[in-house]
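All remarks here apply to the structure that follows.
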């Protein structure tokens with residue numbers, strides 16, 4: 001068993017770093033080449049598929065060096081291929097040192113792309129849109145398939161033709177999966193992002209009460225934001241960014257008559 005273990009570890013070290021580790025003894029180059037390509041191509045394919053925008057910003061040499069570094073240095077916490085993207089993100093955030101070829105927004109862009117993938121494969125179901133007769137008294141919660149995010153860079157705009165060198169104003173987004181199971185995003189201002197955070201943390205407050213709390217935080221009168229805020233919440237409800245909870249039957253709008 002010790003000899004088998006040693007052989008397996010030797011092969012693992014070689015496959016992680018074929019250029020820096022010697023191949024295990026007694027295995028011909030043809031077979032080694034098959035193992036090398038299978039391991040690398042599978043992992044690289046999942047990473048490229050999970051982070052297509054990030055991949056588009058690199059030439060082949062720098063991209064493959066990044067993936068090679070991940071394979072060599074990171075120890076995954078899961079055996080599932082679908083979670084390689086999460087492991088790659090963990091590697092970038094916890095262990096990786098930015099190289100000259102890496103854009104300054106690399107970590108934020110990788111996180112944003114991972115969020116899109118995570119929402120796409122999440123097991124939760126999106127309920128159909130729920131019309132409400134009186135949204136001011138409705139008790140809302142954030143959909144489990146909606147994430148409120150804040151970045152220093154406008155990651156939703158980044159691509160080969162737009163690569164900002166420095167952070168500007170904060171970018172607020174809500175990324176969500178809609179009732180058609182499509183991942184979407186909405187760019188927010190700071191006040192609307194804070195409103196969705198209040199909805200996310202809400203348990204018993206009505207929409208009107210949440211808007212009153214927001215007005216207090218902003219140093220504004222409730223009346224100044226009530227109508228606009230209720231309109232926004234109604235739009236978010238229609239898009240399934242937010243959902244009803246603890247609502248009485250009187251608050252739900254009746255279904256339209258007819259077929």
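The values are calculated or read from the model by the stated rules, or taken from the named source; none is laboratory data. Computed from a prediction, not measured in an experiment: that's the story for all the values here. Backbone-built Cβ (ideal geometry, glycine too); neighbour counts: all protein chains shown.
Of the residues that make up the range 20-42, is at least one under 25 Å from the mean Cα position of the chain (by Cα) and within 22 Å of residue 120 (Cβ to Cβ)?
So the first thing to find is which residues in the range 20-42 are under 25 Å from the mean Cα position of the chain (by Cα), and the list is 40-42.
Narrowing the set further to residues that are within 22 Å of residue 120 (Cβ to Cβ) leaves 42.
Taking every residue of the range 20-42 in turn, at least one turns out to be under 25 Å from the mean Cα position of the chain (by Cα) and within 22 Å of residue 120 (Cβ to Cβ).
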(message) Any residue in the range 1-14 that is under 13 Å from residue 26 (Cα atoms) sitting within a Cβ distance under 7 Å of a residue that is at pLDDT 75 or above? List the pairs, counting only those 6 or more apart or interchain.
(response) 7/24; 10/24; 11/24
(request) Can you run down the residue pairs with Cβ atoms below 9 Å, 6 or more apart or on separate chains, where the first is in the range 189-214 and within 18 Å of residue 149 (Cβ to Cβ) and not assigned by TED's automatic domain parsing to the domain that holds residue 141 and the partner is part of a helix (DSSP H, G or I) and modelled with pLDDT under 95? (result) none
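So how many residues does the range 224-254 have that are assigned to a helix (DSSP H, G or I) and at pLDDT below 90?
Taking the range 224-254 first, the residues assigned to a helix (DSSP H, G or I) are 224-238, 249-251.
From what's left, at pLDDT below 90: 224, 249-251.
Result for the range 224-254: 4.
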(message) Looking only at the range 83-102, count every residue that is touching a helix residue (DSSP H, G or I) at 6+ places or on another chain (Cβ under 7 Å) and part of a helix (DSSP H, G or I) and tell me the total.
(response) 8
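Filter the range 29-82 down to the residues that are assigned to a loop (DSSP other than H, G, I, E, B) and exposed (fewer than 15 other Cβ atoms within 10 Å of the Cβ) and list them by number. Give the derivation first.
Kept after step one, since they are assigned to a loop (DSSP other than H, G, I, E, B), are these residues of the range 29-82: 51, 57-59, 74-80.
The answer is 59, 75, 77, 78, 79, 80.
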(message) Checking the conditions here, which among 183, 158, 175, 115 is at negative phi and not assigned by TED's automatic domain parsing to the domain that holds residue 240?
(response) 115
(message) Among (1) modelled with pLDDT under 95; (2) over 21 Å from the mean Cα position of the chain (by Cα), there is one condition residue 167 misses while meeting the rest; what is its number?
(response) (2)
